[in-house]
Amino acid sequence: MRAHDRYEWAWVMRTVLFDRFIAGRVAAGADMVVNLAAGLDARPYRMELPPALEWIEVDLPALLDYKESILRDEKPVCALERVRMDLSDVAARRELFGRLGRKARNALLITEGLLIYLTAEEVGALAEDLARPEGFRHWVLDIASPGLLRLLQREVGVALEQAGAPLKFGPPEGPKFFEPHGWHPVAVESPLKAAARAKRLPFLLRLFAMLPESSGPQGNRPWSGICLMEKKTT
Ligand SMILES: C[S@@+](CC[C@H](N)C(=O)[O-])C[C@H]1O[C@@H](n2cnc3c(N)ncnc32)[C@H](O)[C@@H]1O
């Protein structure tokens with residue numbers, strides 16, 4: 001997918017910003033990390049993490065079988081559990097979240113590169129299921145603006161649709177989409193701004209990155225945000 005190569009900086013900075021939020025929450029005392037649709041993510045092997053930290057990866061059985069076959073000889077730095085599950089099975093995921101949420105005091109949830117494949121209704125329902133368990137406290141997620149969603153649909157959408165994974169979610173409300181579903185954004189980082197600081201942008205985008213950025217809805221502007229959400233208490 002050539003277009004993906006052109007936006008390499010965006011995938012790299014997404015990873016970096018997730019790493020930073022995760023490291024920050026772990027330093028602040030998170031005792032569990034739950035990575036939903038973890039894919040081939042290797043953070044429990046490559047990050048510096050406390051050995052007692054519980055790290056749970058959830059993904060489809062075939063994906064996790066493949067991943068385990070590759071990582072067979074590697075050792076994670078913390079306590080790693082893999083859960084083979086179809087996250088669209090609402091009863092099964094609620095049971096899993098309930099079990100994990102009773103065990104953890106201060107869990108961090110991660111969804112990286114997942115929500116864009118869901119409808120707004122599906123994202124809202126997932127957010128509400130994640131807000132329920134007592135021990136689930138923070139959530140790091142990435143979202144696209146409506147403008148970026150359209151750009152990605154144009155550039156890579158056809159191939160993804162053919163693969164049965166159309167791009168769907170780019171909420172006009174931005175990070176505030178999650179407010180009625182139990183989550184409040186406490187920090188939002190732009191991969192574009194982070195890439196400019198890291199000197200990873202092509203020239204034209206460097207100019208674009210100098211424009212001031214509002215923290216509200218982004219509309220047609222191609223924008224993505226890596227968001228640290230905190231569970232609302234009322
Ligand atoms: C775009 S990848 C993101 C992977 C990883 N989080 C990352 O950022 O590299 C999406 C992941 O969602 C997983 N997935 C898709 N549908 C799923 C479902 N119904 N239940 C659980 N995982 C699912 C896929 O197997 C894949 O690993």
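The values are calculated or read from the model by the stated rules, or taken from the named source; none is laboratory data. Note that the structure is a prediction, hence the values are computed from the model and not measured. Ideal geometry is used to build each Cβ from the backbone, glycine not excepted, and the neighbour counts take in all protein chains shown. For accessibility, only protein heavy atoms count, side chains too; no ligands or nucleic acids. Shrake-Rupley method; radii C 1.70, N 1.55, O 1.52, S 1.80 Å.
Do you know which of the residues in region 79-104 that are within 14 Å of the ligand (Cβ to nearest atom) and hydrophobic (A, V, I, L, M, F, W, C) is most open to solvent (accessible area, probe 1.4 Å)?
91
How many residues does region 78-100 contain that are assigned to a helix (DSSP H, G or I) and among the hydrophobic types (A, V, I, L, M, F, W, C)? Before the answer, list the steps.
Within region 78-100, the first condition is being assigned to a helix (DSSP H, G or I), and the residues that meet it are 90-100.
Subset that is among the hydrophobic types (A, V, I, L, M, F, W, C): 90-92, 96-97, 100.
Summing the residues that are assigned to a helix (DSSP H, G or I) and among the hydrophobic types (A, V, I, L, M, F, W, C) in region 78-100 gives 6.
Looking at region 144-162, can you tell me whether even one residue there is touching a His at 6+ places or on another chain (Cβ under 9 Å) and at pLDDT 95 or above?
Scanning region 144-162, I find no residue that is touching a His at 6+ places or on another chain (Cβ under 9 Å) and at pLDDT 95 or above, so the answer is no.
Restricting to region 1-54, and then to whatever is within 12 Å of the ligand (Cβ to nearest atom) and among the aromatic types (Phe, Trp, Tyr), can you tell me which residue is most open to solvent (accessible area, probe 1.4 Å)?
That would be 11.
Hey, among the residues in region 58-77 that are in a helix (DSSP H, G or I) and charged (D, E, K, R), which one's least open to solvent (accessible area, probe 1.4 Å)?
67
Taking residue 58, is it of a type outside the set (Lys, Arg) and closer than 28 Å to residue 191 by Cα?
The answer is yes for residue 58.
For region 101-197, please list each of the helices (runs of 4 or more DSSP H) lying entirely inside it that holds at least 3 residues being under 28 Å from residue 52 (Cβ atoms).
120-131
Of all the residues that make up region 105-137, how many are over 18 Å from the mean Cα position of the chain (by Cα) and open to solvent by less than 10 Å² (accessible area, probe 1.4 Å)?
Adding up the residues that qualify gives 1.
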